[in-house]
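Beneath this line is the structure, given in structure tokens, with notes to follow.
Nothing in this text is a laboratory measurement; each read-out follows from the coordinates by a stated rule. Remember, it's a predicted structure, so these values are computed and weren't measured experimentally. Don't worry about glycine lacking a Cβ; one is built from the backbone with ideal geometry, like all the others, and counts go over all protein chains shown.
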Amino acid sequence: MQVVDENHTRASGQHVVRSVRSRLAIGSIAVIAVFGVLVWCTTSTIAAPGDTWTPQTAAAPGFWNSVTYGNGLFVAVSNAGAHQVMTSPDGNTWTARTAEPNYWASVTYGNGLFVAVSNAGAHQVMTSPDGNTWTARTAEPNYWASVTYGNGLFVAVSFAGAHRVMTSPDGITWTAQAAAEPNSWHSVTYGNRLFVAVSSDGAHHVMTSPDGITWTAQTAAEPNYWHAVTYGNGLFVAVSYPADHFVMTSPDGITWTAQAAAEANYWASVTYGNGLFVAVSNDGVHQVMTSPDGFTWTAESAAEPKHWKSVAYGNGMFVAVSNAGAHQVMTSPDGFTWTAQAAAEPNYWESVAYGNGSFVAVSYAGAHQVMTLAH
């Protein structure tokens, strides 16, 4: 578990903050107080019709922490429980699947196959062609944190171990690869014919590979706790926990440039959609920031101050989920104006994905650990 310094000095006064536009709606309260140059605004908006989340019964109680969509099916994995995989064709009706009882951390889909990786267990990879029948695969016993697919190859990265990268062309046979450095690799993505992974420590916090086999250490813009990386519109974008700059960008994955985040927050998740990068944060005055180009970031008012965990984009809408608070979902058609939505239940919502006309979120705890929104 990471330890963060909540007394970390907040950068201020040098970032662009979108003008506050107060508006009155049913059940809304807008308060604006001006002290010198500081403007504070809190807005709560009732969800519009059609924005209602529906609780769904998880196939089994578990610590559901990752969900993906592929080949007409949602697949979620858990780090505990009798059944640690569940599937659904529509996000509504879920079926428990038998899997080896490991700490499953990440799941992806590629080349007709679902692949999940685990932090622990006898076998730390499992695969399924249909989401129903899962087969354990042999992998080096490391702390596998993230898996992706690109250019005909599955690539997973690890927090620890002798080898912190493994690859497979088919998801079945896995080969340990030497990471560029023995760092705590948190996230890996693929874009522009390149795999890019980011780390929370080490001399270099970025490594790249054109083939997933040979990895090259790249100098991060700053030695930060890089937590997540994504690719969109010809640009890699990574976000970080406390540091001088909380964003770095690269057009090629090799040369990275520090970018001033809109606020010095704990940025947890970043996505790209509709010509816009959107990141959400665990804390801060503004817990959303947006950028059309990855370089200039603008602070946006989150619908409510929550511990926002994950953000996704689908069919003209951004959706973020939180693990606490009165409203644990917020939505935005443009990334700028966010509306608080009542979660189906006040659970520890961990991950959200979009597919087949619906958003699906999964939770660590609660009576119902799945909720859906048709959109």
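Maximal additional length on extending the Ala324-Asn132 stretch stands at 65.9 nm, based on 0.36 nm per residue less the C-alpha distance.
Overall form of the chain: oblate. Here a/c, set by the Cα gyration tensor axes a ≥ b ≥ c, is 1.5 or more, and a/b is not larger than b/c.
Shape of the stretch 201-264 from its Cα gyration tensor (a ≥ b ≥ c, root eigenvalues): rounded if a/c is under 1.5, otherwise prolate when a/b > b/c, or oblate? Since a/c reaches 1.5 but b/c is at least a/b, the shape of the stretch 201-264 is classed as oblate. Among Gly234, Thr68, Ala180, whose Cα lies farthest out toward the positive end of the dipole of the chain, if unit charges sit on the beta carbon of Lys, Arg (+1) and Asp, Glu (-1)? About the Cα centre, the residue reaching furthest to the positive side is Thr68. Mind checking which of Ser146, Ser291, Ser240 has the largest fluctuation in a GNM of the chain, springs on alpha carbons under 10 Å? Looking only at Ser146, Ser291, Ser240, the biggest GNM fluctuation is shown by Ser291. Computed from point charges on the beta carbon alone (+1 for Lys and Arg, -1 for Asp and Glu), the dipole magnitude for the stretch 202-339 about its Cα centre is near 260 Debye.
Would you work out the charge dipole size for the chain about its Cα centre, treating the Cβ of every Lys and Arg as +1 and the Cβ of every Asp and Glu as -1, and quote it to the nearest 20 debye? Intermediate values should be presented prior to the final figure.
Working: 10 positive and 22 negative charges, 76 e Å.
The dipole of the chain has a size of about 360 debye.
Remark: the Asp170-Asn71 segment gains 34.0 nm on full extension, using 0.36 nm per residue and subtracting the alpha carbon distance.
Among rounded, prolate and oblate, which fits the stretch 106-152 when a ≥ b ≥ c are the square roots of the eigenvalues of its C-alpha gyration tensor, a/c under 1.5 means rounded, and a/b larger than b/c means prolate? Because a/c hits 1.5 or more and a/b fails to exceed b/c, the stretch 106-152 counts as oblate. Label sites at Ala162 and Ala96, each approximated as a point 7 angstrom past Cα along Cα to Cβ, lie 3.7 nm apart.
Between Thr133, Thr167, Thr54, the GNM of the chain built on Cα springs shorter than 10 angstrom shows Thr133 fluctuating the most. Taking trypsin sites (Lys or Arg not before Pro) in DSSP loop states with no more than 11 other Cβ atoms inside 10 Å as exposed sites, the chain has its longest site-free stretch at 194-375.
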